[in-house]
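Single-structure report; data block below.
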Amino acid sequence: MLDFDVDLTPSQFRSAARDTSEILLRFFADIKSRRVLPSKTSKEIQKLISESLPVRPQDPHRILTEVERKIIPNSTLNGSPRFFAFVNGSGTMMSVLADGIAAALNQNAGAWNIGPAATELEELVIRWFSEMIGYDKRTGGLLTSGGTMANVTALATALHERAGYDIINEGLQSENRKGKFTLYMSDHEGHSSIVKAAQLLGLGRNSVRRVESNEDFTLNIQNLEELVKRDTNEGNIPFCVVGQVGSVNVGIVDPLREIADVCRRHNLWFHADGACGAFGRIIPRKASLFDGLELADSVTLDPHKWLYISYECGCVLVKDPAKLKASFTLVAPYLRGILPTETTGIDYFEYGPEGSRAFRALKVWMSLKQYGLVGYRKLFERNVALAEYLDQLVRDSTEFEPLCKPVLQMYCFRFVANSGKRIDEEKLDGLNQRIVDEVQRSGKAFLMTTSIRGRTAIRLSITNHRTTKKDIRLTFEALQRTGVKLANASP
Ligand SMILES: Cc1ncc(COP(=O)(O)O)c(C=O)c1O
């Protein structure tokens, strides 16, 4: 006999749910004014949360009090309007509610039987995404943990399609393999997750060829074609080209139509990595940048970036769903359990690497319905306009210089002069890093550096539905003040 209730009683649940919503209301109430990055160190946080394995049951109210005291103040506010690091979405409030409901329903979106509405909703949002980016509405695809897994899924499909033998069963150890598989992306803006995907697929990191890019960071088509030809002549097996659709540093979009042409001529799979920027296709004045996206065989999207969905939610679209299924289907009797009937839908475990899967579609569906396409368009337009505004502040200043032109929501620049005097080149990298570190430590804004053509750059990803002009100005002024102070301190 158990001497405790397995579930909270209705009144306990109501009271804990009320506590939770009060905690969240307090959290959101001052998200705009609080430190973006907590001030405690890793050791200090460990000390605060460290405790022995709980043996006796604890009161839900006390557990929630601890959450508010220990966890919330030591979390980075990715949703703060002055969070500009990595490429992080800011988290819609609808995502919060959706994840609570999804946890209550506890659906496993791996198979239809254990997530009927979850599966159907996922198919629906995949169609909506395709429509948003001007892709084929009959496309297949699935939601993933993030852009990295979306890229892994796409490249596994590409490899299966182009290997020329039964790679699923024989793998890379097959005697039928005629050479080394190679894939291509631009040298500057190609994303590291593609390299990781190549490693995970057993191809090795060196299988990713870095194509020298153009002055504006886009992939150079002539260099691409030459590399593909050279590899083919050397007995390698080129199988895929990855185009950037909103790149990680400077937000460029590669020449997609021309990549598609090269892929057609050489029978290569065309994968478009749109994790950062593909949803930008809904901005009317930017739509032409995305010309040719519809020709890609597969596309990575990352709703937890520029759709502001809370973590986790990535997505891969594959134009021909049969190809996705052919690459991943593996059925065992215990997975099916019954014969599929007319009343059941698809089983997502047959379309990707994961078996059990979270119900991610709910937060996408609820957020898209809340804002509508019109709302998202305005939010994206504002993000792009803010990158342009920052570019203007940089160009109007005497201290900074731009390192790129704003294309979408990413922007890079650097501190170069103090009191009208240019600082020595060899000091600039260290100085820019220290400026960013100091602003980050102040808690006023969270931004990071990157390297642009070997030079340390201040980088902002304005992938945030709460950011306003004021936040950009405050952040810019903090960088300016800090830059002048540090430059004066080490003349
Ligand atoms: C272009 C691009 N592709 C893929 C990824 C990987 O996405 P995730 O971090 O969701 O795995 C990122 C992440 O920043 C990215 O910018």
>> Could you list, ordered by first residue, the pairs with Cβ atoms under 7 Å in which the first is in the range 52-76 and over 13 Å from residue 27 (Cβ atoms) and the second is exposed (fewer than 12 other Cβ atoms within 10 Å of the Cβ) and aromatic (Phe, Trp, Tyr), at least 6 apart or interchain?
In response: 57/4
> Which condition does residue 272 not pass, out of (1) closer than 18 Å to residue 181 by Cα; (2) not in a helix (DSSP H, G or I), if it passes all the others?
Replying inline: (1)
>> Condition first: under 24 Å from residue 464 (Cβ atoms), of a type in the set (A, V, I, L, M, F, W, C) and more than 9 Å from the ligand (Cβ to nearest atom). Now tell me which residues in the range 267-284 satisfy that.
In response: 272, 278, 279, 282, 283
> What number of residues within the range 198-228 are farther than 12 Å from residue 184 by Cα and assigned to a helix (DSSP H, G or I)?
Replying inline: 3
>> Can you say whether residue 134 is of a type outside the set (Ser, Thr, Tyr) and on the phi > 0 side of the Ramachandran plot, as far as the supplied structure shows?
In response: yes
> With (1) of a type in the set (Asp, Glu); (2) touching a Lys or Arg at 6+ places or on another chain (Cβ under 7 Å); (3) within 16 Å of the ligand (Cβ to nearest atom) as the list, and residue 302 as the residue in question, which single condition is left unmet?
Replying inline: (2)
>> Yes or no: the range 79-94 includes at least one residue that is over 30 Å from residue 470 (Cβ atoms) and surrounded by 13 or more Cβ atoms within 10 Å (Cβ to Cβ).
In response: no
> Taking the range 122-136 on its own, how many of its residues are part of a helix (DSSP H, G or I) and crowded, with 21+ Cβ neighbours inside 10 Å?
Replying inline: 5
> Has the range 143-151 got any residue that is away from the ligand (no atom under 16 Å from the Cβ), under 22 Å from the mean Cα position of the chain (by Cα) and either of a type in the set (Val, Ile, Thr) or surrounded by 15 or more Cβ atoms within 10 Å (Cβ to Cβ) (or both)?
Replying inline: no
>> Just to be sure I understand, how many residues within the range 166-193 are small (Gly, Ala, Ser), assigned to a loop (DSSP other than H, G, I, E, B) and within 23 Å of the chain's Cα centre (by Cα)?
In response: 1
> Among the residues of the range 299-333, how many are buried (at least 16 other Cβ atoms within 10 Å of the Cβ) and over 16 Å from the mean Cα position of the chain (by Cα)?
Replying inline: 9
>> Condition first: within 18 Å of residue 365 (Cα to Cα), in contact (Cβ under 8 Å) with a residue 24 or more places away in the chain, surrounded by fewer than 22 Cβ atoms within 10 Å (Cβ to Cβ) and not hydroxyl-bearing (Ser, Thr, Tyr). Can you find one or more residues in the range 178-189 that meet it?
In response: no
>> I need the full set of residues from the range 22-40 which are under 28 Å from the mean Cα position of the chain (by Cα), of a type outside the set (A, V, I, L, M), part of a helix (DSSP H, G or I) and surrounded by fewer than 14 Cβ atoms within 10 Å (Cβ to Cβ), in order please.
In response: 26, 28
>> Name the single residue that is farthest from residue 168 (Cα to Cα) among those in the range 308-337 being within 15 Å of the ligand (Cβ to nearest atom) and in contact with a Leu (Cβ under 8 Å, 6 or more places away or on another chain).
In response: 308
>> Please go through the range 190-218 and give me each residue that is more than 16 Å from the ligand (Cβ to nearest atom) and surrounded by fewer than 19 Cβ atoms within 10 Å (Cβ to Cβ), ordered by number.
In response: 202, 204, 206, 212, 214, 215, 216
>> Given the options 468, 482, name the one that is out of contact with any strand residue (DSSP E or B) (no Cβ under 8 Å at 6 or more places or on another chain), surrounded by fewer than 18 Cβ atoms within 10 Å (Cβ to Cβ) and β-branched (Val, Ile, Thr).
In response: 468
> Quick check: anything in the range 100-108 out of contact with any Lys or Arg (no Cβ under 8 Å at 6 or more places or on another chain), at pLDDT 95 or above and not in a helix (DSSP H, G or I)?
Replying inline: yes
> Can you tell me how many residues in the range 278-295 are among the small types (Gly, Ala, Ser) and crowded, with 18+ Cβ neighbours inside 10 Å?
Replying inline: 3
> Is one or more of the residues making up the range 194-203 more than 20 Å from the chain's Cα centre (by Cα), closer than 17 Å to residue 272 by Cβ and without any contact (Cβ under 8 Å) to a residue 40 or more places away in the chain?
Replying inline: no
> Among the candidates 221, 167, which residue alone is among the β-branched types (Val, Ile, Thr) and buried (at least 20 other Cβ atoms within 10 Å of the Cβ)?
Replying inline: 167
> Could we say that residue 243 is touching a helix residue (DSSP H, G or I) at 6+ places or on another chain (Cβ under 6 Å) and either farther than 22 Å from residue 87 by Cβ or not in a strand (DSSP E or B) (or both) here?
Replying inline: no
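The values are calculated or read from the model by the stated rules, or taken from the named source; none is laboratory data. These numbers were taken from a predicted model, which means no experiment stands behind them. When we count neighbours, we look across all protein chains shown, and the Cβ atoms used for this are built from the backbone with ideal geometry, even at glycine.
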